[in-house]
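Everything on this sheet refers to the single structure shown next.
The values are calculated or read from the model by the stated rules, or taken from the named source; none is laboratory data. These numbers come from a predicted model, not from an experiment. Using ideal geometry, Cβ is built from the backbone for each residue, glycine included, and neighbour counts are taken over all protein chains shown.
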Amino acid sequence: MDTHVKVDETKDIESLYNESLLKIERGKITKGKVIAIKNDGVVIDIGYKSEGFVASNEFTEEEISNLKEGDDIEVFIERIDDEEGIVISRQKAARIRAWERLKNAFENNMQVEGTVVDKTKGGLFVNVFGIKAFLPASQIDTKIVRNFDAYIGQKIPLIILKLNPPKGILGNLTSETSLVVSRRQVIEEEKQKRKEETFKLLQEGAIIKGTVKNITDYGVFVDIGGIDALLHISDISWRKVNHPSEFFSIGEEKEFVVLKFDKETEKVTLGYKQKTSDPWLTVEEKYKPGMIVKGKVVNITDYGFFVEVEEGLEGLVHISELDWVSKPKHPSKYVSIGSEIEVAIINVKKDERRLSLSLKQLKPKPWQLVAEKYKPGDKVTGKVKTLTDFGAFIRLPEGVDGLVHISDISWTKHITHPSEVLKRNQKVEAKVLNIDPDKERMALGIKQLQPDPWVNEIPEKFKLGEEFTAKILKKTDFGLFVELPGNVEGLVYSSEIDNSKEIVEGGEIQVRIIKVNLEDRKIGLSMKNIKKA
């Protein structure tokens with residue numbers, strides 16, 4: 001009984017073994033199990049009476065390092081010989097499977113992934129499942145590609161354009177002409193899918209995300225999901241925009257408002273400022289003349305600078321509103337772009353979209369400072385700013401000009417023009433005679449720095465009949481102006497000139513006092529009847 005059972009079991013085992021051998025055929029791929037990993041290769045059991053051996057050069061270093069006993073692996077049966085055993089190839093099995101995957105992808109228009117391994121004049125070579133494929137330059141991108149080196153080493157999605165598997169297992173499995181791929185078609189297909197999705201969302205007034213693709217002087221082109229939409233410069237901000245690059249940079253993602261959409265032409269017009277209401281609509285309700293507001297300097301010009309008091313709402317600080325001085329410096333000397341400042345509102349015009357601002361209104365008026373600092377009788381120091389026929393304007397440190405009338409330059413000299421004794425930018429001292437801050441006027445005097453010589457000095461020094469040596473200053477139709485001792489001027493009347501004497505400007509003559517008019521502050525002289533002559 002036991003012997004019969006053992007015979008039956010032996011027959012069953014032999015039957016199973018013979019059946020497994022029938023499955024092992026030359027030229028087919030079969031699955032085996034790793035039973036040993038050696039230095040020169042891998043021993044694999046595929047169910048034959050002897051194990052197969054795959055050389056280590058059919059594996060990459062990474063594959064060998066990750067391989068372990070018991071792993072399943074596919075191999076290609078090259079030859080079966082009862083004496084020599086079985087010859088198998090792991091590499092050919094992998095290549096056959098690769099072509100099968102490529103064929104399936106090609107027939108079903110499926111994407112595959114490849115790694116760019118090299119370049120050539122006409123395009124790139126890509127490794128796809130271990131098969132070398134050719135990617136023509138025209139199929140790399142939707143735009144012309146000039147730098148092939150940038151793609152080396154990149155993994156990229158592809159569509160197979162041409163597939164010619166080699167004939168026979170031992171054919172040229174790596175021939176690049178057998179496999180042609182396209183990255184451009186993947187990009188176009190994805191763009192079309194995005195377009196279809198975007199079309200579902202597009203309607204006027206809708207908020208949509210987009211990526212800045214290009215910036216020009218007149219606007220911004222935005223990719224809103226496979227569609228290039230235009231954002232015109234006039235729709236970027238409620239305030240004046242000098243260039244779109246002030247607001248956008250290439251590659252950044254923003255939200256936009258759809259203003260117009262034509263599905264047939266795929267033309268889309270976007271808005272950015274429309275995400276918020278127009279601040280000019282309520283400007284007169286929010287801002288009143290005299291208010292002080294904070295803002296940011298956004299632009300500087302030769303005629304002033306612009307301040308953004310809220311998003312989209314700008315006002316101008318004209319150069320005349322920079323400072324109280326008559327000739328302010330360039331606006332860039334007062335502020336810089338991006339700085340936060342306070343300004344006073346001086347005018348609001350909603351219809352003209354104009355907001356006038358002032359910087360100087362926040363500063364004390366110079367005439368107020370002058371009125372508080374000086375009083376009549378005080379000494380001041382300044383520079384001669386302007387000379388006129390009637391006097392000289394002196395610029396004080398506070399930036400205001402005081403007038404020295406021609407009659408207040410000297411007690412004793414006859415001055416016909418201030419330039420006779422003063423020069424522009426000359427530093428001088430003067431005494432405050434009068435201040436009127438409301439009319440922005442200040443009267444100064446230079447002669448008042450000294451006591452009035454006509455009160456005591458001149459009456460005592462120059463008496464009737466006394467004679468003096470005088471210097472001729474000027475000859476006129478009505479007489480000679482001369483300088484007496486002590487820089488006192490007198491007039492030799494034309495009727496009192498001794499023509500026998502030499503009369504030369506700058507020369508000296510003897511004169512006699514014949515008149516002293518203290519009220520008019522004049523001394524009359526004569527060259528006649530001189531005792532010392």
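Here are a few things to note about the model shown:
- Search result, residues across the range 295-322 that are modelled with pLDDT of 90 or more and outside any strand (DSSP E or B): 302, 303, 319, 320, 321, 322
- Residue that is farthest from residue 124 (Cα to Cα) [pool: residues in the range 164-187 that are at pLDDT 80 or above and not in a helix (DSSP H, G or I)]: 164
- The set of residues in the range 336-380 that are assigned to a helix (DSSP H, G or I) and free of Cβ contacts under 8 Å to residues at least 12 places away in the same chain contains only 372.
- Qualifying positions in the range 225-247 - within 28 Å of residue 350 (Cα to Cα) and out of contact with any helix residue (DSSP H, G or I) (no Cβ under 7 Å at 6 or more places or on another chain): 231, 232, 234, 239, 240, 242, 243, 245, 246, 247
- Qualifying residues in the range 201-245 (those that are in a helix (DSSP H, G or I) and surrounded by 13 or more Cβ atoms within 10 Å (Cβ to Cβ)) - the one modelled with the lowest pLDDT: 201
- Cβ-Cβ under 9 Å pairs, at least 6 apart or on other chains, the range 57-77 side in contact (Cβ under 8 Å) with a residue 40 or more places away in the chain, far side hydroxyl-bearing (Ser, Thr, Tyr) and in a strand (DSSP E or B): 74/30; 75/30; 75/89; 76/30; 76/89; 77/30; 77/89
- Residue count for the range 455-486, restricted to those that are of a type in the set (Phe, Trp, Tyr) and under 20 Å from residue 531 (Cβ atoms): 2.
Yes/no matrix, rows are residues, columns are (1) of a type in the set (Phe, Trp, Tyr); (2) assigned by TED's automatic domain parsing to the domain that holds residue 476; (3) on the phi < 0 side of the Ramachandran plot; (4) not in a loop (DSSP other than H, G, I, E, B):
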position: 492; (1), (2), (3), (4): no, yes, yes, yes
position: 495; (1), (2), (3), (4): no, yes, yes, yes
position: 500; (1), (2), (3), (4): no, yes, yes, no
position: 511; (1), (2), (3), (4): no, yes, yes, yes
position: 520; (1), (2), (3), (4): no, yes, yes, no
position: 531; (1), (2), (3), (4): no, no, yes, no
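- Scanning the range 116-142 for residues that are touching a residue at least 40 places away in the same chain (Cβ under 8 Å) and closer than 23 Å to residue 73 by Cβ, we see that the one that is surrounded by the fewest Cβ atoms within 10 Å (Cβ to Cβ) is 128.
- Residue pairs whose Cβ atoms lie under 7 Å apart, separated by 6 or more positions or on different chains, with the first residue in the range 436-460 and surrounded by 13 or more Cβ atoms within 10 Å (Cβ to Cβ) and the second among the β-branched types (Val, Ile, Thr) and assigned to a loop (DSSP other than H, G, I, E, B), are 442/400; 446/409; 447/409; 453/412.
Yes or no, residue by residue, for (1) over 23 Å from residue 328 (Cβ atoms); (2) in a helix (DSSP H, G or I):
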| site | (1), (2) |
| --- | --- |
| 403 | no, no |
| 411 | yes, no |
| 419 | yes, yes |
| 423 | yes, no |
| 429 | yes, no |
| 434 | yes, no |
| 444 | yes, no |
| 453 | yes, no |
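- The condition of being in contact with a strand residue (DSSP E or B) (Cβ under 6 Å, 6 or more places away or on another chain) and either without any contact (Cβ under 8 Å) to a residue 24 or more places away in the chain or charged (D, E, K, R) (or both) holds for only one of 246, 285, 264, 308, that being 308.
- The single condition from (1) in a loop (DSSP other than H, G, I, E, B); (2) over 24 Å from residue 297 (Cβ atoms) that residue 260 fails is (1).
- Meets criteria (surrounded by 17 or more Cβ atoms within 10 Å (Cβ to Cβ) and more than 20 Å from the chain's Cα centre (by Cα)) for residue 322: yes
- Test: residue in the range 328-335 that is touching a residue at least 40 places away in the same chain (Cβ under 8 Å) and not acidic (Asp, Glu): no
Table: residues versus (1) hydrophobic (A, V, I, L, M, F, W, C); (2) under 28 Å from residue 457 (Cα atoms); (3) at pLDDT below 95.
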residue	(1), (2), (3)
376	no, yes, yes
382	no, no, yes
391	no, yes, yes
394	yes, no, yes
397	no, no, yes
406	yes, yes, yes
409	yes, yes, yes
412	no, yes, yes
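- Yes/no for residue 422 being out of contact with any Phe, Trp or Tyr (no Cβ under 8 Å at 6 or more places or on another chain) and at pLDDT 95 or above: no
- Single residue of 295, 271 found to be touching a helix residue (DSSP H, G or I) at 6+ places or on another chain (Cβ under 8 Å), under 18 Å from residue 313 (Cβ atoms) and not charged (D, E, K, R): 271
- Against the criterion of being in contact (Cβ under 8 Å) with a residue 24 or more places away in the chain and in a strand (DSSP E or B), residue 383 qualifies.
- Among the conditions (1) part of a loop (DSSP other than H, G, I, E, B); (2) modelled with pLDDT of 85 or more, the only one that residue 190 does not satisfy is (1).
- The single condition among (1) over 32 Å from the mean Cα position of the chain (by Cα); (2) closer than 29 Å to residue 141 by Cα that residue 248 does not meet is (1).
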